[in-house]
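Accompanying notes for the structure given below.
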Amino acid sequence: MNVPLLDLVGQYRAIKDEVIPALQAVIESQLFIMGPSIGQLEAKIAELSHARHGIGCASGTDALLLPLKALNLKSGDEVITTPFTFFATAGTIHNAGGTPVFVDIDPDTFNIDPAAAAAAITPRTRAIMPVHLYGQMAQMERLLQIAGRHGVRLIEDAAQAIGARRSIDGVWRMAGELGWATGYSFFPSKNLGAWGDGGMIVTSDDATAERLKKLRLHGGAKQYHHEEVGTNSRLDTVQAAVLLAKLPHLAAWSARRREHAAYYSTALHGVSAVRTPVTAPGNEHIFHQYTLRVERRDALQAHLKAKGVGNAIYYPIPLHRQPCFADLGYRAGSLPRSEQAALEVISLPIYPELERAQLDYVVDTIREFYR
Ligand SMILES: Cc1ncc(COP(=O)(O)O)c(C=O)c1O
């Protein structure tokens with residue numbers, strides 16, 4: 001049997017009769033730039049996030065870069081984040097003119113450790129950027145307290161966590177609800193994926209929303225009038241139409257991912273070399289990734305590959321150990337929990353269309369390896 005890590009064709013076949021007409025309508029209208037689908041999608045994603053504004057942009061990377069630019073960082077200004085994430089989290093801090101300050105993770109959830117974030121605050125700190133890694137939210141209530149106490153912004157990297165939520169004092173809080181600004185990615189493999197690149201920022205700060213709308217359009221709301229220097233980072237109208245057609249399915253797709261995750265975790269119970277994902281109390285996980293910690297990870301990976309089971313390592317090198325950040329002065333052992341995670345994690349196929357026989361095959365292949 002062959003179980004790919006991701007198979008977007010199954011989803012495409014299931015929904016193409018809904019998406020193609022939406023796409024066709026954009027083509028018939030020829031309104032490719034900032035067409036009506038953009039505003040419709042922005043309103044829906046803002047609503048989903050319990051936020052007042054959505055601002056579509058060209059990618060998840062830009063959905064982080066633009067709010068960081070809106071901080072007007074000066075050389076030496078610091079943004080505290082996790083090193084155990086996709087490169088864009090820290091790359092955007094650098095590209096916005098700031099310095100990433102990496103702090104270690106909570107070993108259960110792989111998300112930023114709030115105590116470590118608090119300890120890293122300095123007079124130069126301008127923001128904290130948690131990542132809701134793999135689809136479950138970081139400890140937003142603690143991060144909010146820290147950010148509030150020190151007067152710094154909270155920017156959520158929710159690229160992997162659209163629709164994730166966390167019960168705080170008995171109230172469901174959405175990814176994107178509590179931060180000053182939040183970035184989403186619509187990269188095709190995401191739980192809500194476009195048919196190309198795309199991203200969105202949500203915020204409930206009216207002035208910031210206005211500013212971000214300008215920054216994505218060369219710094220001016222009115223054509224050929226530029227209050228500041230922005231860039232071209234519009235969400236493509238074709239992509240917005242695809243996403244609008246897909247959005248009604250998102251909750252069911254993420255629920256299906258949760259079912260698969262529960263099935264895997266039950267079936268792998270008792271394999272002592274394998275630690276299944278921990279969902280923190282209060283979190284509703286959307287399982288963008290289903291990620292194990294395992295012993296002899298690289299040998300398991302080779303075994304899975306030989307047996308036709310797709311898998312991936314997210315992420316093999318924590319960002320504080322990347323050559324491009326060498327001048328920040330981190331060493332091997334600086335952030336041991338992130339470094340340990342990078343040696344132990346492996347992600348399995350978790351997309352909604354997987355069938356029971358495929359899940360069983362993945363489990364049997366892992367059990368066979370550790371027998
Ligand atoms: C945690 C995280 N941040 C940022 C991004 C950047 O998103 P994009 O690839 O849409 O630019 C991604 C996805 O690739 C991601 O997983």
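What follows is calculated from the coordinates using simple rules that are stated; it is not laboratory data. Computed from a predicted structure; not experimentally measured. So basically every Cβ, Gly included, is an ideal-geometry build from the backbone, and we count neighbours across all protein chains shown.
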Review point. If the viscosity is 1.002 mPa s and the temperature 20 °C, what Stokes-Einstein diffusion coefficient in µm²/s follows for region 152-252 when Rh is the Kirkwood radius over Cα pairs?
Key: 143
Review point. Do the sum for the chain: with -39,500 (n - 2.57) for every DSSP H run of n ≥ 4, divided by all residues, what is the mean residue ellipticity at 222 nm, to the nearest 500 deg cm²/dmol?
Key: -12000 deg cm²/dmol
Practice item. Tabulate in residue order the Karplus-calculated ³J(HN,Hα) for region 12-26, using 6.51 cos²θ - 1.76 cosθ + 1.60 with θ = phi - 60°, rounded to whole Hz; enter x for Gly and Pro. Key: 4, 4, 5, 10, 4, 5, 8, 7, 4, x, 5, 5, 4, 5, 5
Review point. What percent does the relative contact order of the chain come to when contacts are Cα pairs within less than 8 Å and at least six residues apart?
Key: 22
Point to revise | Within region 244-288: backbone nitrogen closer than 18 Å to the GLU295 label point (7 Å, Cα to C-beta) | key: 268-277
Exercise for review: Amide H neighbours of THR125 under 5 Å, at least 5 residues apart or on other chains, H built in the peptide plane: list them.
Suggested key: GLU78
Review point. Which percentage, to the nearest 5, of the DSSP beta bridges contained in region 1-159 is antiparallel?
Key: 10
Exercise for review: Pull up the DSSP beta bridges for the chain and report the antiparallel fraction as a percent, rounded to 5.
Suggested key: 60
Practice item. Over region 215-371, consider all pairs of different Cα atoms and compute the Kirkwood hydrodynamic radius from their mean reciprocal separation; express it in Å, one decimal. Key: 19.0
Practice item. May I ask what percent, to the nearest 5, of DSSP beta bridges between residues of region 129-219 are antiparallel? Key: 65
Review point. For the pair THR231 and GLU18, how long in nm is the line joining their label points, each one 7 Å along Cα→Cβ?
Key: 3.3
Point to revise | Charge tally in the Cβ shell below 13 Å around GLY148, where Lys, Arg are +1 and Asp, Glu are -1, GLY148 excluded | key: +2
Practice item. Positive end of the charge dipole of region 279-371 (Lys, Arg +1 and Asp, Glu -1 on Cβ, about the Cα centre): tell me which of TYR330, LEU304, PRO318 has its Cα farthest that way. Key: TYR330
Practice item. Report the calculated FRET efficiency for ASP206 and SER167 (r = Cβ-Cβ distance, R0 = 25 Å), to the nearest 0.05. Key: 0.35
Revision key, fill the gap. From the Cα centre of region 97-130 to that of region 249-263, the distance in Å is 30
Practice item. Please give, to one decimal in nm, the separation of the simple spin-label points placed at SER189 and LYS305, each 7 Å out from Cα toward the Cβ. Key: 1.5
Check your understanding: Which value in nm describes the separation of the simple spin-label points at GLU141 and HIS218, placed 7 Å from the Cα toward the beta carbon?
Key -> 4.8
Review point. Direction-averaged shadow area of the convex hull around the Cα atoms of the chain, nm²?
Key: 18.8
**Study point:** Hydrodynamic radius by Kirkwood, which averages 1/r over all alpha carbon pairs of region 102-177, in angstrom
**Key:** 12.6
Practice item. Mind listing the long-range amide H neighbours of TYR290? Cut-off is under 5 Å, sequence gap 5 or more, other chains count too, H placed in the peptide plane at 1.01 Å from N. Key: LEU348
Point to revise | For ALA159, distant residues with modelled amide H under 5 Å away | key: HIS132, SER185
Practice item. Enumerate the whole-percent occupancy of each 5 Å bin, from 0 to the last occupied one, for all C-alpha pair distances of region 9-136. Key: 2, 10, 14, 15, 16, 15, 10, 8, 6, 4, 1, 0
**Study point:** Segment ALA251-GLN322, length gained on full extension (0.36 nm per residue, minus Cα span)
**Key:** 22.0 nm
**Study point:** Full-extension gain in nm, ALA25 to GLU47, via 0.36 nm per residue minus C-alpha separation
**Key:** 5.5 nm
